[in-house]
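Report on one structure; see the data block that follows.
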Amino acid sequence: MHEVANEHMLENILANNEELANHNRGHLDELNAWTVNIMSAPGAGKTRLLEATLLALGNNVSQPAVASSHRPGQVDTRPAGEGLKPTERSVYRITVIEGDMVGELDKQRLSKTGVPVLQISTGRSCHLDAQMIARLLHAEKLERPDIIFIENVGNLVCPAEFPLGEHKRIVLLSVTEGDDKPIKYPVIFRNCDAVILTKTDLLPYVDFKIAAAKFNIEALNAGAKIFTVSSMTGEGMTEWLAWLKDQLSHYRQQFKGAAQHSNFDLNSANRHVKNLNSGMETYTISAHQRDA
Amino acid sequence: MHEATIAQSILNIAVDKLKQAPQAGSVSSIKIQVGEFRNVEIDCLQFAFDNLKISFEGCQNCQLKTELILASARCRDCADTYHPDFEEAFRCRKCNGSIGKLMSGEELDVVAVTLETISKEQNNYARSR
C-alpha cells in the first residue's frame, strides 16, 4: 500500500542559474567591471562589432589597425584595418569573454587588438550559462577591467534563457537576416536593453526595411535603444560608443561612495572573494579615482 | 537543446523534495508551468525528461505534467490587457500599441510534486531485511 503526499509549491526551475548569475554579478561589482552580454544569430557581426568597439574604446589596444578575420577557407580581400581606425583617444580597459562551441577563431581575431580575451568553449552546448562564467571568474585573474564584453554563442533562442550576471544585454540583428526576425524570436528581443542593426552598408543589396525592424522591436520592447551600425564603414558607431560610455558612467555613479555606506562591509567582501579564489587579488578603488 | 538542462533542473528539484521527505520512496509526478514567452518547447522537454529520469534515484516512474501559461500583456499605449501573438506581430488588437508589462507568460516553475509514501508496514519490512 502506498500513500500519496501532494505538495504544492512554487520553485523557479532555473533558480540555480539565477543564483549563480547573482553571484557573478557580485564578483563583477567588486571588480567594478561593467559587463555587457552580446547575443545574436551566428554571423550577425558580433566579433566584427567588438573589433571596432575595442579599437575605439580600449586603452590596452596595442595594434590600432588590424587586418582581421582571415579564416580557414576564406580569402580576406578587405584592405587591412578598413573601417577600424581608432576614432578617438582610447580610455577604457577592456576584457572580452569569448563564448564559442568549438575553436578559438574569434579569440585569435580579437586578440590581435591586444585586448585580453578569455575563451569559453561550450562544447555541444548552444549557449553560455552562469556556471561557465562563474568558473572563469574564479579561475582567471582579471586585470581590473572597466568593461567586460561577453560574446555569447551565436543563437537567438537559448542564450535568452540564461542570464550570466551581466549588467546589460545587447542583441545584434544584421540586415541580411530580415526585418521580421524580432517577431520570430520574440523572447530574446523582449529581454534586452539595446538592439544593434548591423551590416547597414549592405542595405542597398537586401530587402530590409530599417523602419519595419524598428517597428517590430518596439512591439516587443519599447524601452530598447536601437542603433544602426556598419562596423565595416564605421557608420553609426559614434552613437553606439556614446551609449556605451553613458551607460558605463551611470553604472559607476551607483558605486560612487558606495563603500562608505554602512551596509557594505569591504573586509567581508574581500574575505569572500579570497575564500572563493585564493589566487584572486582584490582592489579597493572608487569610480572617481579611476576616471582620473 | 537547452530543454535537456531544464529537464535536469526539474529532476534535481524532484530528488531534493524526495530527500526532504524521509517517509517517501519515490516521486510519482511533478507538475510545471511553462509560460508562452519562454523559449521552452514542451515536446522537447518531455522527451528529454523521459530519457533523463531513469538515472535519477526515485524518479524512474515520475510523470512530467506540463501546463502552458498563455501570455497576457498590458498595452503600453491604451493599458488594455491582450494576448500578444505572432499573427498580430505582438501588438494590441485595440490600438496597435506595443507590449508594456507582461502580466503572465514568463513562468518556468515547478508548482507541485507528488511523492509516493512507503506505508508503515512496508517501512518496517524494509528495515527488518
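Derivation of every value follows stated rules applied to the coordinates shown; laboratory data play no part. For clarity, every value in this text was computed on a predicted model and none was experimentally measured. Because the Cβ atoms are built from the backbone with ideal geometry, glycine has one as well, and the counts that use them run over all protein chains shown.
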Requested in this report: Give me the distance in nm between label points sitting 7 Å out from Cα along the Cα-to-Cβ direction at A:Leu202 and B:Phe47, one decimal.
Outcome: 3.0
Report task. Please find the FRET efficiency linking B:His83 to B:Ala112, where r is the Cβ-Cβ separation and R0 is fixed at 22 Å, and quote it to the nearest 0.05. Result -> 0.30
Query raised in the report: What is the mean number of Cβ atoms from other protein chains located within 10 Å of the Cβ atom of each residue in peptide B:23-31, rounded to a whole number?
Result: 2
Requested in this report: Report the residues of the stretch B:1-22 in range of a label on A:Arg124: point 7 Å along Cα→C-beta, backbone N strictly under 18 Å from it.
Outcome: B:1-9
Query raised in the report: Between rounded, prolate and oblate, where does chain B land on the alpha carbon gyration tensor, with a ≥ b ≥ c its root eigenvalues, rounded for a/c under 1.5, else prolate if a/b exceeds b/c?
Result: prolate
Query raised in the report: Shielding of B:2-12 by partners, i.e. mean partner chain Cβ atoms within 10 Å per residue?
Result: 4
Report summary line: Those cysteines in chain B that have no second cysteine Cβ within a distance under 4.7 Å are B:Cys44
Report summary line: Going fewest to most other Cβ atoms within 10 Å around each Cβ, A:Trp34, A:Trp243 line up as A:Trp243, A:Trp34
Query - Global geometry of the stretch A:16-58, whether rounded, prolate or oblate, following the gyration tensor of its Cα atoms and the 1.5 cut on a/c - result: oblate
Query - Among B:7-19, B:49-61, the order from most to least packed when residues are scored by Cβ within 10 Å on average - result: B:7-19, B:49-61
Query raised in the report: Once you put a point 7 Å from the Cα of A:Ser249 and another 7 Å from the Cα of B:Lys101, both along the Cβ direction, what distance in nm separates them?
Result: 3.3
Query raised in the report: Under the definition of partner shielding as Cβ atoms of other protein chains within 10 Å of a residue Cβ, what is the mean value for peptide A:10-22?
Result: 5
**Report entry** Protection proxy ranking of A:167-177, B:83-93 - average other beta-carbon atoms within 10 Å, highest first
**Finding:** A:167-177, B:83-93
Query raised in the report: Between A:Ala212 and B:Asn12, what is the label-to-label distance in nm when each label sits 7 Å out along the Cα-to-Cβ direction?
Result: 4.3
Requested in this report: With a length cut of 20 Å (Cα positions projected on each helix's long axis) and a Kyte-Doolittle mean of at least 0.0, go through chain B and give me the DSSP H helices that pass.
Outcome: B:3-20
Query - Highest-fluctuation residue, B:Gln63, B:Gln23, B:Gln46 considered, GNM on chain B with Cα pairs under 10 Å - result: B:Gln23
**Report entry** Greater than 31 Å apart at Cα, pairs in A:Lys112/A:Lys199; A:Lys209/B:Lys101; A:Lys184/B:Lys31; A:Lys107/B:Lys31
**Finding:** A:Lys107/B:Lys31
Report summary line: Yeah, the stretch A:186-238 with a ≥ b ≥ c from its alpha-carbon gyration tensor (a/c under 1.5 is rounded, else prolate when a/b outruns b/c, oblate otherwise) is oblate
